[in-house]
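The values are calculated or read from the model by the stated rules, or taken from the named source; none is laboratory data. It should be emphasised that the depicted structure is a prediction, and the values quoted were computed from it without experimental measurement. So basically every Cβ, Gly included, is an ideal-geometry build from the backbone, and we count neighbours across all protein chains shown. We work out accessible area using only protein heavy atoms, side chains counted, and drop any ligands, DNA or RNA first. Shrake-Rupley method; radii C 1.70, N 1.55, O 1.52, S 1.80 Å.
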Amino acid sequence: MSGVAFGRHPGVHVGLYDAVAEIVMDSAPVNAFDRPFLEAVGEALASVPAGTRAVVVSSAVPRIFAAGGDIPYMARADLADQVSYVELCQQVYGAFEQVGVPTIAAVDGACLGGGLELALSCDIRVVAPGVRLGLPEATLGILAGGGAIHRIVRAVGQAPARDLLLSGRRITGAEAVDIGLASRLAEPGRVTTAALELAAEIAAADPAAVAAVTRAARSVLPVGP
Amino acid sequence: MQASTPDPRGVAPRPARDPVAVVELAAGSATDALTELVATLAALPPGTRAVLLRLPSDAAVDRPVDEDSVTAWQQALSAVEDLPLPTVALLADRCTGVAFDLALCCDVRVAPGTVVVRAPTPAAGALPVGGTVARLVRAVGQGVARDLLITGRTVEAPEALAWGLVTRLVPDPAAALELAASLAALSPEALAATKRLALGASQDSFAAGLAAELSLWRTVRAGANAQEGLSAFAEKRDPRFTGPDGR
């Protein structure tokens, strides 16, 4: 591995393992998605070198993947400023769905609000059974505006999606796998390793074929009649 | 708290001007019951912020008999689905016939652990008209939906939960009411916007969907309830969201 401390923000690192890039969120206490941090996550993704064949996004903060938006900021900022913040959220999350290689979220801690928006933008979610996942926006009087309403419906169908979206309830990683919100379980403390191993497996396959399948799968409307 | 009225359905006494409307499907033909249900929902008191729809275990299994009544079913079921309020379906031990059609129109489906679910399909002697085919596919995906629709198999609680035919198992009807009350306490405009976007997400283009999320985010955020919710979170207190009737 050639580890690179990502230069622009102390809370975002990029690790390079052969053809796999790992974007590590490391902004205690909760990896809150304030504007500079989110911009740095986006820049880290844009910085992965040519030849990268899979990207993992993980957290170095114990018991946290990412706990979502910067609520105190949203409580006080003016509306135009917040709308541009939500646009930034859409851009950064969307980049994980548009980059030309598979993206994997390694969820080994609380994954809430913007954290789940980011994870939903990845192609694959690996979770520990006990982590909490949810979109609590409705309980705050707002909505998930970063694309998660559309992404969760397309990922799991209307049935679990509307319950989760309207109630804001949190489910466990094990429940997330049951309903297809995540597709792989790993032991706590082993999630990032499992995600990196999976990324290495993907990286060993024909990159043009992987890219073509990834692009095709992302473009299908999966739950329509 | 206002004076309580006894609840004829035996759930629990509910306060007058209750933000939760408890609605029960009438006995008799499915078409008549649907018509009555839509009339009830159209006349909900203005302070209503969530609906609990109680579905009977012996729901009528008759189907529309001509083109006009098919159209009437489509309109009735869409009216239930499009309500701009959170809707909770409380299933009985058995969910079939028009109860199945209606359950799929609701946002949350709760059922006892003893529940058995069966789609109205040719194998069950019925046609899934009124939008049920599309709703079932959108709810649970093609993988499960085509099996249920083609074979008419009965589904017990564990599978129903895993597939989303029910979204939660509850120990008793009171738990369903509690859930509906918790939804009724949230911001009505945030819920209405989220519901509209979620329903659209099965059919709109992703680009249009993102634009709609941003646009409705802005509209909802501009309201007093969003400010209350965010401020309460920042101040570590419980929010108090206001309904359209100012309560």
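Within the shell of other residues whose beta carbon sits under 9 angstrom from the beta carbon of residue B:94, the net charge comes to -1, with Lys and Arg scored +1 and Asp and Glu -1.
Solvent-accessible surface of chain A, averaged per residue with a 1.4 angstrom probe and all protein chains in place: 37 square angstrom. Taking all protein chains together and a 1.4 Å probe, the residues B:236, B:195 rank B:236, B:195 from largest to smallest accessible area.
Scanning residues 5 or more positions from residue B:187 or on other chains, those with amide H under 5 Å from its amide H are A:141, with H placed 1.01 Å from N in the peptide plane.
Treat each spin label as a single point 7 Å out from the Cα along the C-beta direction, and report the residue A:76 to residue B:172 distance in nm. It works out to 4.7 nm between the two label points. From a point 7 Å beyond the Cα of residue A:178 in the direction of its Cβ, which residues of region B:139-156 have a backbone N at a distance under 16 Å? Once the point is set 7 Å along Cα→Cβ of residue A:178, B:156 turn out to lie under 16 Å by backbone N, inside region B:139-156.
Scaled to the globular estimate 2.2 N^0.38 Å, the Cα spread of the protein assembly as shown, given as radius of gyration, is 1.00. A cut-off of 5 Å between modelled amide H atoms, ignoring neighbours fewer than 5 places along the same chain, links residue A:18 with A:2. Once the Cα atoms are used to define both axes, helix B:67-81 deviates from the longest principal axis of chain B by about 30 degrees.
Rounded to the nearest 10 square angstrom, residue A:197 shows an accessible area of 100 square angstrom against a 1.4 Å probe. Using R0 = 25 Å, the C-beta based FRET efficiency linking residue A:205 and residue B:142 works out to 0.40.
Surface composition of region B:4-184: carbon plus sulfur atoms hold 57% of the accessible area, using a 1.4 angstrom probe and ignoring ligands, DNA and RNA.
Of A:150, A:9, the order by accessible heavy-atom surface (1.4 Å probe, DNA, RNA and ligands excluded), from most exposed downward, is A:9, A:150. Here region B:4-184 carries DSSP beta bridges of which approximately 25% are antiparallel, counting only pairs with both residues inside. In whole Hz and in residue order, list the ³J(HN,Hα) couplings for region B:160-167 that follow from phi through the Karplus curve 6.51 cos²θ - 1.76 cosθ + 1.60, θ = phi - 60°; x for Gly and Pro. For region B:160-167, the Karplus curve yields 4, 6, 4, 8, x, 4, 10, 9 Hz.
Compactness ratio for region A:152-225: Cα radius of gyration over 2.2 N^0.38 Å (N = residue count) comes to 1.35. Helix B:188-200 and the longest principal axis of the C-alpha atoms of chain B enclose an angle of approximately 40°. Residue ranges B:63-73, A:34-44 sort as A:34-44, B:63-73 when ordered by packing (mean number of other C-beta atoms within 10 Å per residue, highest first). Looking at the protein assembly as shown, the DSSP beta bridges with both ends there are about 30 percent antiparallel. Taking the accessible area of region B:188-234, probe 1.4 Å, and keeping the other protein chains in place, the carbon and sulfur fraction comes to 62%. For region A:103-141 and region B:164-222, write down the distance between their C-alpha centroids in whole Å. Going from one Cα centre to the other spans 18 Å. Across region B:234-247, coupling constants 3J(HN,Hα) worked out from phi with the 6.51/-1.76/1.60 Karplus curve, θ = phi - 60°, read 5, 8, 6, 10, 6, x, 10, 8, 9, x, x, 8, x, 9 Hz, and Gly and Pro carry x.
Could you tell me what percent of the accessible area of region A:2-219 is made up of carbon and sulfur, with a 1.4 Å probe and every protein chain present? Whole-percent figure for carbon plus sulfur exposure: 55.
Remark: chain B carries 43 Å² of accessible area per residue (probe radius 1.4 Å; ligands, DNA and RNA excluded).
Computed over region A:2-219, the P(r) curve from all C-alpha pair distances, binned at 5 Å from the origin, holds 1, 8, 16, 21, 21, 18, 10, 4, 1, 0 percent per bin. Gyration tensor over the Cα atoms of region B:175-246: the corresponding equivalent ellipsoid has semi-axes (square roots of 5 times the eigenvalues, largest first) of 24, 17, 10 Å.
Against the criterion of solvent-accessible heavy-atom surface with a 1.4 angstrom probe, B:35, B:121 sort, most first, into B:35, B:121. Amide H to amide H, with H built 1.01 Å from N, residue B:24 comes under 5 Å of B:54, counting only residues 5 or more places away or on other chains. Look at where the Cα atoms of region B:23-67 and of region A:158-225 average out, and the two centres are 38 Å apart. What total accessible area, in Å², is buried where chains A and B meet, using a 1.4 Å probe and rounding to the nearest 100? Heavy-atom accessible area buried at this interface is about 4200 Å². Convex hull volume of the C-alpha atoms in chain B, normalised per residue: 142 Å³.
Cα centroids of region B:83-106 and region A:6-36: 45 Å apart. 3J(HN,Hα) along region B:124-140: 9, x, 8, 9, x, 8, x, x, 5, 4, 5, 5, 5, 4, 5, 6, 10 Hz, from the Karplus curve 6.51 cos²θ - 1.76 cosθ + 1.60 with θ = phi - 60°, whole Hz, x for Gly and Pro.
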